[in-house]
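In what follows, a single structure is set out as structure tokens and then discussed.
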Amino acid sequence: MSTLLPESPEAFKDATWPDIVSYYDELERRPLSHENVETWLADWSRLESILSEAAALASFAYTCDTADEAREKAHLRFSMQISPRAQERRTHLQRRLVELGYVRPGLEMVVRRFQNQLTLFSEANVPLFAEQARLTAEWSKTMGALSVEWEGERKTPAQLLPFLEHPDRALRERAFRLRAKPYLEQRDKLASMFDQLYDVRQKIARNAGLANYRDYAHREKNRFDYTPDDCLRFHAAVEEAVTPAMQRRLARRKQKMGLAKLRPWDLLVDTGNRDALKPFTDVDSFVAHADDVFGRVDPDFQGYFRSMVGAGLLDLENRPGKAPGAYSQSLNFRRMPLIFQNAVGVDDDVRTLHHESGHAFHSFEAAKLPILFQRHPGSEMAEVASMSMELLAAPFLDRSEGGYYSTADAVRSRVDLLERIIQFFPHCASVDAHQQWIYTNAEGRNGAARDARWLELRRRFEGAAVDWTGLDSERIARWYQQPHFFSSPFYYIEYGIAQLGALQVWRNSLRDHAEAVRSYKAALALGATRPLPDLFQAAGARLVFDARGMRELIELVEEELSRLDS
């Protein structure tokens with residue numbers, strides 16, 4: 001490359017767009033032919049790896065402490081000033097490759113994605129992407145500042161989660177109501193933020209020549225193998241095949257707890273009135289147990305996890321000022337991932353770490369591919385990686401094997417994992433259906449109409465097993481707690497599609513663990529070099545949108561729950 005690239009992302013840490021644009025200029029001016037295209041592509045891949053890692057580290061630092069003004073400034077510099085302009089120049093380079101007509105084995109999907117992105121690009125959207133990033137950062141800051149007073153202490157809403165597992169029902173109710181309170185108090189502000197995001201996103205869609213942001217998001221996410229109508233089929237299949245199963249488990253819970261009515265604060269507590277599971281006392285022990293568990297699943301996974309620990313690429317504990325949620329992000333230059341989480345010492349933290357580690361292991365496997373653009377498949381396969389890891393790790397939670405729990409508590413955790421998988425599908429359908437409605441309906445800009453629609457969807461997909469009398473406001477608050485509506489629009493149906501893929505990987509592991517893990521790793525190593533159905537097939541699975549296929553997998557979950565119950 002005639003304009004020599006920096007040696008590491010550190011050189012871009014404080015860079016502005018004028019410091020970066022020359023590298024794109026050189027790639028755009030350089031003569032391109034079939035003879036030199038591989039060198040050109042490798043140079044472009046290296047540039048994007050350096051820049052994306054610098055941006056990822058700035059975002060990671062900010063989400064770890066949203067109250068730090070310097071971190072916020074650095075994150076906004078990348079997300080508002082650099083990334084939108086880089087995306088514009090990236091489009092020019094995509095066009096060069098597409099117009100060259102160069103395709104070879106391993107690049108077919110790369111070229112197809114580039115062609116798709118070119119049809120969506122509009123220069124008018126560059127400032128809108130920056131505005132969307134600004135609004136999302138403002139939302140993150142608002143969410144990171146939320147707190148409540150509990151027993152004389154300020155706590156984040158996430159830090160109340162352990163109390164929802166407490167045997168004292170009155171205490172659980174108090175924690176449930178208090179946890180919803182900051183979202184209710186900030187409801188108008190959050191609704192206004194969403195209105196602004198809605199306006200920006202609908203403009204983005206129109207500038208790209210599409211009727212609404214729903215259609216834009218499906219195209220932008222390279223969803224070549226299913227449509228919005230398939231998502232509607234998915235919703236209907238959940239209602240038919242999964243909601244009845246959830247009702248059966250909730251009826252069992254109500255009977256086991258001896259309750260006349262099951263209330264929302266009764267859903268996480270142990271049905272035998274035992275104390276909540278405590279998987280770890282501090283982050284160091286959390287990491288040590290996870291290390292042992294991953295070693296039992298596969299030695300390579302243990303090695304990957306240890307390399308992240310050694311590189312300081314984990315931030316796991318919840319604290320004030322930290323952005324909500326959890327994620328894994330690839331550091332493309334060093335070909336390693338990082339993990340961000342908000343652990344508070346509950347069983348759900350175990351599943352979250354296993355989930356995000358599945359993403360991380362995917363990054364490690366796909367990083368073996370030479371070109372950055374080959375490594376990252378759509379979110380559907382990315383979530384197969386994460387959700388499969390939750391299930392593959394579940395048999396190794398026993399402390400005698402190096403895990404987190406006694407034998408009895410390990411069974412409790414596995415039961416909870418499988419129950420939550422059943423409960424997840426109605427939530428997934430609610431979230432995706434809500435977004436579909438918001439962006440394709442004239443009332444989607446109306447905050448009150450959005451809230452009312454959310455209640456309708458919850459009643460449709462959750463049924464009537466839980467008594468929500470007098471709690472409409474708290475039920476509405478649930479969608480304001482869901483980060484994807486604000487920061488990752490339309491990134492949710494992937495979880496449902498992937499969970500069905502993960503259940504198939506798990507089904508394979510019940511027959512032959514080693515072979516199931518081998519196929520799983522082989523699928524992850526393909527990165528983005530194959531279409532989605534082929535990636536699922538490599539993992540020993542298929543795409544499922546129908547009630548029959550969904551029912552088969554849910555029945556398997558129910559059979560395993562019956563075995564564990566006994």
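Structural remarks
- Cross-link partners of Lys203 among aspartates and glutamates (Cα-Cα below 14 Å; sequence separation of 8 or more within a chain): Glu123, Glu131, Asp195, Asp215
- Of Lys73/Lys141; Lys322/Lys368; Lys13/Lys368, those spanning more than 23 Å from alpha-carbon to alpha-carbon: Lys322/Lys368; Lys13/Lys368
- Helix-only CD estimate at 222 nm, as mean residue ellipticity for the chain, using -39500 (n - 2.57) per DSSP H run (n ≥ 4): -20500 deg cm²/dmol
- Shape call, the stretch 318-429: gyration tensor on alpha carbons, a/c limit 1.5: prolate
- Three-way shape call for the stretch 359-506 based on the alpha-carbon gyration tensor, with the a/c threshold at 1.5: oblate
- Centroid-to-centroid separation of the stretch 518-542 and the stretch 226-299 [C-alpha atoms, Å]: 27 Å
- Between Asp14 and Lys261, residue separation times 0.36 nm minus the direct Cα-Cα distance comes to 83.2 nm.
- Neighbour counts of other Cβ atoms within 10 Å put His34, His355 in the fewest-to-most order His34, His355.
- Within the stretch 9-136, all pairs of alpha-carbon atoms sorted by distance into 5 Å bins from zero give the percentages 2, 10, 19, 20, 19, 14, 10, 5, 2, 1, 0.
- Exposure proxy ranking for Met387, Met550, Met336, based on other Cβ atoms within 10 angstrom of each Cβ and starting from the fewest, stands as Met336, Met550, Met387.
- Euclidean distance of C-alpha centroids, the stretch 438-481 and the stretch 355-399, integer Å: 32 Å
- Bridge type composition, the chain - antiparallel percent by DSSP, nearest 5: 65 percent
- Rounded, prolate or oblate (a/c below 1.5 giving rounded, otherwise prolate when a/b exceeds b/c) for the stretch 288-378 by Cα gyration tensor: oblate
- Relative exposure of Val293, Val37, judged by other C-beta atoms within 10 Å (fewest first): Val37, Val293
Laboratory data are not the source of any read-out in this text; all were calculated from the coordinates shown. Everything numeric in this text was worked out from a predicted model, so none of it was measured. Note that each Cβ is placed from the backbone with ideal geometry, even for glycine, and that neighbours are counted across all protein chains shown.
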